[in-house]
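> A single structure is presented below for examination.
The values are calculated or read from the model by the stated rules, or taken from the named source; none is laboratory data. Note that the coordinates shown come from a computational prediction; the quantities given were computed from them, not determined experimentally. So basically every Cβ, Gly included, is an ideal-geometry build from the backbone, and we count neighbours across all protein chains shown. Calculation scope for accessible area: heavy atoms of the full protein, side chains included, ligands and nucleic acids excluded. Shrake-Rupley method; radii C 1.70, N 1.55, O 1.52, S 1.80 Å.
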Amino acid sequence: MENEYINRELSWLEFNQRVLDQATRQDLPLLERLKFLAITASNLDEFFMVRVGGLQMLRRSGSRVKDISGMTPTRQLKMIHTRVGQMINDQYHLFHDEILPWMEVHRINPIAMEELDDNQRLVLEQYFNNQIFPLLTPLDMQAPEAPALPSLKLLMGIELRDNETGEIRVCVIAMPDSLPRRVPVPTTEHDRYVMLEELMREFIGNVFPGETVLATSVFRVTRNGDIAVQEEDALDLADEMEEVLVARKFSQCVRLEIESSTPAGLLSSIKEIVGADKDETYNLQGPLMLSDFMDMAFEPGNDHLKVEQWSAQPSPAINPALSIFENIAEGDILLNHPYESFEPVLRLVEEAADDPNVIAIKQVLYRTAKNSRIVAALKKAAENGKQVTALVELKARFDEARNLEKAEELQRSGVQVVYGVKGLKTHAKICLVVRREQGGTLRRYCHFGTGNYNESTAKIYTDISYLTCDDQLGADASQFFNSVTGRTKLMRFRKLYPSPKMMKARLIELIEGEAERARQGEPARIAAKMNSLQDVEIINALYRAADAGVDIELNVRGICCLKTGPRPGGKSIRVVSIVDRYLEHARIFFFQHGNTPQIFIASADWMTRNLDKRVELMVPVTNTKLARKLKSILDACLRDNVQGCEIQPDGTSTPIVRKKGQKAFRLQLHLTKEARRLAKNKEQERHQMLEPHRPH
């Protein structure tokens with residue numbers, strides 16, 4: 001039914017607004033605010049490549065099919081253009097009115113070329129001639145076969161006049177990726193710099209002898225990244241992915257970002273060159289590619305302008321004196337990252353690579369770190385003669401090139417590499433280690449997670465890891481790998497609920513079970529944490545449950561197509577979103593289920609793509625102690641009255657306002673302190689156990 005749902009794209013833009021709202025907070029240190037501003041710019045890049053690119057393809061095809069909110073592709077694109085235009089204005093007002101003045105106070109702001117003294121200018125001109133000039137490749141855009149310009153690169157358009165003929169032409173130069181965007185100025189103040197584009201603009205005439213530079217403009221093209229892999233025709237998926245990566249660089253323009261000061265003639269030429277119309281053009285009132293300022297938040301120094309660092313704590317459930325296998329054998333382990341270290345997950349694969357009793361390792365790799373310890377361990381395991389299988393998902397968007405490279409590395413080491421499942425993305429987070437124990441019996445050790453096997457993002461994404469040697473989960477893990485590598489149906493599982501097929505059916509069954517209990521007058525509650533909520537069947541089941549009287553509270557970080565607010569039966573569905581220092585990424589689902597609560601972790605959000613079009617896993621956590629820990633995390637998410645926002649019925653969000661006398665509660669600070677407390681208590685306990693007994 002139309003108007004029962006929020007548009008997916010506009011909901012995502014409201015999430016990005018929540019990120020931008022963090023950048024406006026004057027109680028945050030300057031570089032933390034700059035970081036959030038940079039994140040909003042980076043987020044918009046991907047949004048345009050994937051979501052807007054897909055919508056433009058639909059519009060060009062003449063499609064008038066409406067989305068769940070009742071909007072055609074054309075209507076959605078108009079709404080997006082208006083909302084993004086407002087967001088860009090907010091970004092640049094913030095940058096000029098608040099960020100730059102404070103950068104100037106702390107002497108970390110960019111310097112204009114006209115502010116330089118003669119000596120500084122001379123040194124920078126030498127830098128241009130020696131370090132920049134040799135890397136520049138001017139492209140004549142009036143040539144009979146003008147080259148296509150790459151996506152998401154800073155480009156400089158230059159209008160030139162021949163000094164002899166008076167002929168006017170336009171050239172474009174790509175700004176070199178290998179050079180720093182912020183070029184240090186020779187001065188006693190080491191943090192002062194000029195922007196690369198301003199330095200190039202000043203001396204670009206050196207590149208064109210015999211011509212006069214009439215005008216310059218920095219611009220950037222975003223091209224459609226929503227290019228599908230035609231697996232039916234692909235003899236080799238790896239080869240086809242390479243073709244997709246090339247196509248993405250030079251596909252249809254979906255956005256032109258250009259300096260607002262660009263003269264009309266040059267603007268018109270650039271729009272014609274890249275194929276952008278008025279609705280695809282965004283005039284920016286400041287430096288393009290604000291995402292480049294992200295580096296400043298992570299560079300050494302200026303600690304007084306950054307937030308206090310929080311470090312991951314060792315899990316009290318892990319005894320460092322024992323092997324990871326001994327730790328897991330003593331009882332299931334649940335880790336809450338990044339508050340608790342990701343190290344035990346890395347240890348599982350690294351110890352398995354060296355352990356002579358380990359026979360086989362099977363693992364799904366969706367996104368990995370640049371210098372991945374996981375990949376290194378899998379290679380080592382294969383070289384040590386173990387049977388190693390890695391399911392590498394080549395269709396992990398924007399990580400395709402890295403995954404191709406990792407897959408080739410693994411194959412060279414003797415790892416059996418499988419490229420996902422035909423027609424589906426494999427997004428499950430699972431590792432299986434088969435080990436021969438005393439007496440010759442085989443035992444399966446498993447890791448199930450909500451996040452990727454990536455030790456870099458594990459420091460900034462909140463995720464759950466579950467380590468177990470439960471026999472039934474181990475048997476299911478083997479069945480899972482046999483299914484995805486053997487291309488058989490995902491069925492006959494004991495405890496796991498994979499998607500497609502089984503996970504959505506089980507979720508709807510659980511939701512409807514709560515609704516039936518509410519109708520019978522029994523307590524009924526659903527609480528869930530996820531990144532996005534978009535699937536219509538799930539949303540409708542939640543609506544029916546709320547109408548039946550079920551208490552429903554959801555923690556949804558990003559897209560939420562469900563309309564909040566009172567239902568016809570009087571119950572409201574409450575949705576909270578938290579944007580804080582870490583990216584909320586864990587998926588936890590709780591159902592009251594009478595007197596036997598059911599709690600799960602999952603790799604999947606409640607989106608159609610996850611539930612119907614990807615290979616995912618939902619894992620029940622039945623250990624009472626671990627289930628309590630998960631429930632406490634979930635409850636804490638719903639209590640946050642510092643960083644939390646409530647999603648409104650129109651899809652916008654408002655910060656949660658504390659009631660009079662109510663204490664401030666910040667989820668991520670709470671979990672940080674809790675991890676520190678538990679780690680400290682465990683360390684003291686171990687220290688006391690090691691102390692010799694003193695005589696009375």
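Let's see how each residue does on (1) open to solvent by 20 Å² or more (accessible area, probe 1.4 Å); (2) at pLDDT 95 or above; (3) touching a Cys at 6+ places or on another chain (Cβ under 7 Å):
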{"position": "S291", "(1), (2), (3)": "yes, yes, no"}
{"position": "F298", "(1), (2), (3)": "yes, no, no"}
{"position": "I328", "(1), (2), (3)": "no, yes, yes"}
{"position": "P344", "(1), (2), (3)": "no, yes, no"}
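> Moving to a separate point now. Based on what the data block shows, is G440 modelled with pLDDT under 95 and open to solvent by 50 Å² or more (accessible area, probe 1.4 Å)? Break it down stepwise before answering.
Numbers: modelled with pLDDT under 95: yes; open to solvent by 50 Å² or more (accessible area, probe 1.4 Å): no.
Here the answer is no, as G440 does not meet what is asked.
> Same structure, new question: I'd like the residue in the range 461-515 that is free of Cβ contacts under 8 Å to residues at least 60 places away in the same chain and closer than 25 Å to C637 by Cβ and, out of all such residues, is most open to solvent (accessible area, probe 1.4 Å).
E509
> Report, by residue number, each residue of the range 325-341 that is under 14 Å from S465 (Cα atoms) and either outside any loop (DSSP other than H, G, I, E, B) or under 23 Å from the mean Cα position of the chain (by Cα) (or both).
Once the filter is applied, which keeps residues that are under 14 Å from S465 (Cα atoms) and either outside any loop (DSSP other than H, G, I, E, B) or under 23 Å from the mean Cα position of the chain (by Cα) (or both), the range 325-341 yields I328, I333, L334, L335, N336, H337, P338, Y339, E340, S341.
> Just checking, does the range 520-531 include any residue being assigned to a helix (DSSP H, G or I) and not acidic (D, E)? Spell out the reasoning first.
Taking the range 520-531 first, the residues assigned to a helix (DSSP H, G or I) are none.
No: zero hits.
> Among the candidates A377, A317, A369, A321, which residue alone is touching an Asp or Glu at 6+ places or on another chain (Cβ under 6 Å) and either part of a loop (DSSP other than H, G, I, E, B) or hydroxyl-bearing (S, T, Y) (or both)?
On the way: A377 fails: either part of a loop (DSSP other than H, G, I, E, B) or hydroxyl-bearing (S, T, Y) (or both); A317 fails: touching an Asp or Glu at 6+ places or on another chain (Cβ under 6 Å); A321 fails: touching an Asp or Glu at 6+ places or on another chain (Cβ under 6 Å).
Being touching an Asp or Glu at 6+ places or on another chain (Cβ under 6 Å) and either part of a loop (DSSP other than H, G, I, E, B) or hydroxyl-bearing (S, T, Y) (or both) holds for just one of A377, A317, A369, A321, which is A369.
Each row is one residue, and each column tells you yes or no for (1) at pLDDT below 95; (2) closer than 30 Å to R544 by Cα; (3) of a type outside the set (V, I, T); (4) out of contact with any strand residue (DSSP E or B) (no Cβ under 7 Å at 6 or more places or on another chain).
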position: A458; (1), (2), (3), (4): no, no, yes, no
position: D476; (1), (2), (3), (4): no, no, yes, yes
position: S483; (1), (2), (3), (4): yes, no, yes, yes
position: K489; (1), (2), (3), (4): yes, no, yes, yes
position: E509; (1), (2), (3), (4): no, yes, yes, yes
position: Q520; (1), (2), (3), (4): no, yes, yes, yes
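> Regarding the range 478-488, can at least one residue be identified that is over 21 Å from Y445 (Cα atoms) and hydrophobic (A, V, I, L, M, F, W, C)?
Pass one, the range 478-488, residues over 21 Å from Y445 (Cα atoms): 486-488.
Now restrict to residues that are hydrophobic (A, V, I, L, M, F, W, C): none.
The answer is no, given that none of the residues of the range 478-488 is over 21 Å from Y445 (Cα atoms) and hydrophobic (A, V, I, L, M, F, W, C).
> Which condition number does T426 fail, the rest of (1) within 22 Å of E343 (Cα to Cα); (2) touching a strand residue (DSSP E or B) at 6+ places or on another chain (Cβ under 8 Å) being met?
(1)
> Those residues that are within 22 Å of the chain's Cα centre (by Cα) and open to solvent by 10 Å² or more (accessible area, probe 1.4 Å), I need them from the range 388-397; list them, please.
Going residue by residue through the range 388-397, those that are within 22 Å of the chain's Cα centre (by Cα) are 391-397.
Answer for the range 388-397, where residues must be within 22 Å of the chain's Cα centre (by Cα) and open to solvent by 10 Å² or more (accessible area, probe 1.4 Å): K395, R397.
> Take the range 167-196 and flag every residue that is out of contact with any Ser or Thr (no Cβ under 9 Å at 6 or more places or on another chain), open to solvent by less than 50 Å² (accessible area, probe 1.4 Å) and within 22 Å of E272 (Cα to Cα).
C171, V172, M175, listed by residue number.
So that you can scan it fast, the table gives a plain yes or no per residue for (1) crowded, with 22+ Cβ neighbours inside 10 Å; (2) within 18 Å of the chain's Cα centre (by Cα); (3) among the aromatic types (F, W, Y):
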site	(1), (2), (3)
N357	no, no, no
A360	no, no, no
K370	no, yes, no
V375	yes, no, no
K386	yes, no, no
V415	yes, no, no
G420	yes, no, no
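> Among helices (runs of 4 or more DSSP H) lying entirely in the range 63-134, which contain 3 or more residues that are touching a residue at least 60 places away in the same chain (Cβ under 8 Å)? Steps first, answer last, please.
Working: elements: 73-94, 100-105, 118-127.
Output list reads 73-94, 118-127.
> Next up: Is it true that some residue in the range 138-149 is open to solvent by less than 10 Å² (accessible area, probe 1.4 Å) and modelled with pLDDT of 95 or more? Can you show your working first?
Residues of the range 138-149 that are open to solvent by less than 10 Å² (accessible area, probe 1.4 Å), as a first pass: 149.
Next cut, modelled with pLDDT of 95 or more only: none.
Among the residues of the range 138-149, not one is open to solvent by less than 10 Å² (accessible area, probe 1.4 Å) and modelled with pLDDT of 95 or more, which makes the answer no.
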